[in-house]
Amino acid sequence: MVVIVDTVTNPLRPRHPEKVNRPDSASPPKPDWIRVRAPNTRGYADTRNIVKSNGLHTVCEEAGCPNIGECWDKKHATFMIMGDTCTRACAFCNVKTGLPNALDSAEPQHVAEATAKLGLAHVVITSVDRDDLADGGAEHFAQTIRAIRAACPSTTIEILTPDFLRKEGALEVVVAAKPDVFNHNLETVPSRYLTVRPGARYFHSIRLLQRVKELDPTIFTKSGIMVGLGEERHEVQQVMDDLRSAEVDFLTIGQYLQPTRKHHAVMRYVPPDEFSSYEKVAYTKGFLIVSASPLTRSSHHAGEDFARLKAARAATAR
Ligand code: SF4
């Protein structure tokens, strides 16, 4: 089941104007290994109340994540800062597109307060893409990290950022705020970029991750791709090599699910044993940890994975 949340209140304005005139694309029926828990527990309701009462957005809702029932039951929500409207128009993503509103200067504090109320030992912060801002939102990310550090000093912080393409100096601002984990997803293999992620550049994203390690080698780096978008196996292996060249620590691989019929079709449901095989190959290439399964998402089990990351680094340092 894919949860599709449509927050559009103006019926004249579609959620994805750039996709309205695209032909529908049908995906094959979901196999039985794609099973998710319905979002109807007490924990889910509590998480939802805290998110709403702080006026926050989450990628869990906006992207229609299939894990929302499981994660929110455990009070694990991934905050999406800088509004609910993205300036890119990726073919896989259900986040609303268009021209965003001005930044909310109180948002970093609200995120910090919600982190405290949820009692998060590890928090994940992502954002929409803000190509309209001179720094791509880098300073807002840094302020959010600092506000969480002040309110919740023992909480570890993971950020999942846009690519800051053509935003000179932006990455340096974010890295200087010292997140514990810096995640930037490649999303797919380079041959699929023009179709799947047309506003981005594959080698720019690789270089972004490499530059994080150059600026601060203590920060863990992480990246992920979706499979089922028409990629070949050897291309996935090439992505692994490119990420290891950039010294990326943690790789996630999950199944792409189609949010609506106007989005990119699922070309194939990759069976669980193929994910296991990807995981084995990735470990041989030197990642500290790898998560590869149909329902893997970059922020799924992020807290537990952070503990594994630290343990894996400590083991290699011995
Ligand atoms: S996997 Fe991530 S985006 Fe999905 S519900 Fe869990 S925390 Fe939210």
In the stretch 171-200, what residues are closer than 20 Å to Glu139 by Cα, small (Gly, Ala, Ser) and not in a helix (DSSP H, G or I)? Ala177
What's the number of the only condition in (1) in contact with a helix residue (DSSP H, G or I) (Cβ under 9 Å, 6 or more places away or on another chain); (2) free of Cβ contacts under 8 Å to residues at least 12 places away in the same chain that Lys285 fails to meet? (2)
Condition first: within 15 Å of the ligand (Cβ to nearest atom), in contact with a Phe, Trp or Tyr (Cβ under 8 Å, 6 or more places away or on another chain) and free of Cβ contacts under 8 Å to residues at least 60 places away in the same chain. Can you find one or more residues in the stretch 87-94 that meet it? no
Within the set of pairs 6 or more residues apart or between chains, which connect a residue that is of a type in the set (Lys, Arg) inside the stretch 1-28 to a residue that is modelled with pLDDT of 85 or more with Cβ atoms less than 6 Å apart? Arg15/Lys96; Lys19/Lys262; Arg22/Lys262
Out of (1) closer than 21 Å to Phe220 by Cβ; (2) surrounded by 19 or more Cβ atoms within 10 Å (Cβ to Cβ), what's the single condition that is false for Lys96? (1)
Is it the case that Ala106 is of a type in the set (A, V, I, L, M), surrounded by fewer than 20 Cβ atoms within 10 Å (Cβ to Cβ) and over 17 Å from His184 (Cα atoms)? yes
For the list (1) within 16 Å of the ligand (Cβ to nearest atom); (2) farther than 17 Å from Gly230 by Cα; (3) not acidic (Asp, Glu), I need the number of the one condition that Arg318 fails. (1)
Does at least one position in the stretch 194-203 carry a residue that is surrounded by fewer than 23 Cβ atoms within 10 Å (Cβ to Cβ), basic (Lys, Arg) and more than 16 Å from the ligand (Cβ to nearest atom)? yes
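Yes/no per residue for (1) at pLDDT 95 or above; (2) outside any loop (DSSP other than H, G, I, E, B); (3) among the charged types (D, E, K, R); (4) in contact with a strand residue (DSSP E or B) (Cβ under 7 Å, 6 or more places away or on another chain):
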{"position": "Glu70", "(1), (2), (3), (4)": "no, yes, yes, no"}
{"position": "Phe79", "(1), (2), (3), (4)": "yes, yes, no, yes"}
{"position": "Ala89", "(1), (2), (3), (4)": "no, no, no, yes"}
{"position": "Asn94", "(1), (2), (3), (4)": "no, no, no, no"}
{"position": "Ser105", "(1), (2), (3), (4)": "yes, no, no, no"}
{"position": "Pro108", "(1), (2), (3), (4)": "yes, yes, no, no"}
{"position": "Ala112", "(1), (2), (3), (4)": "yes, yes, no, no"}
{"position": "Thr115", "(1), (2), (3), (4)": "yes, yes, no, yes"}
Could you list, in sequence order, the residues of the stretch 288-313 that are among the hydroxyl-bearing types (Ser, Thr, Tyr) and out of contact with any helix residue (DSSP H, G or I) (no Cβ under 8 Å at 6 or more places or on another chain)? Ser298
Counting only strands (runs of 3 or more DSSP E) entirely within the stretch 201-306, those with at least 2 residues that are in contact with a strand residue (DSSP E or B) (Cβ under 8 Å, 6 or more places away or on another chain), of a type in the set (Ser, Thr, Tyr) and closer than 29 Å to Glu172 by Cα are 220-227
I'd like to check something: does the stretch 261-275 contain any residue that is farther than 18 Å from Pro31 by Cβ and within 16 Å of the ligand (Cβ to nearest atom)? no
Condition check: basic (Lys, Arg), more than 13 Å from the ligand (Cβ to nearest atom) and free of Cβ contacts under 8 Å to residues at least 12 places away in the same chain. Does Lys117 satisfy that? no
For the stretch 15-68, enumerate the residues that are β-branched (Val, Ile, Thr) and either farther than 27 Å from Pro198 by Cβ or within 16 Å of the ligand (Cβ to nearest atom) (or both). Ile34, Val36, Thr41, Thr47, Ile50, Val51, Thr58, Val59, Ile68
Selected residue (criterion: farthest from the ligand (Cβ to nearest atom)) from residues of the stretch 120-163 that are in a helix (DSSP H, G or I) and among the polar types (S, T, N, Q): Gln143
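The values are calculated or read from the model by the stated rules, or taken from the named source; none is laboratory data. If you're wondering where the values come from, they're calculated on a predicted model, not measured in any experiment. Positions of Cβ are generated from backbone atoms using ideal geometry, with glycine treated the same way; all protein chains shown enter the neighbour counts.
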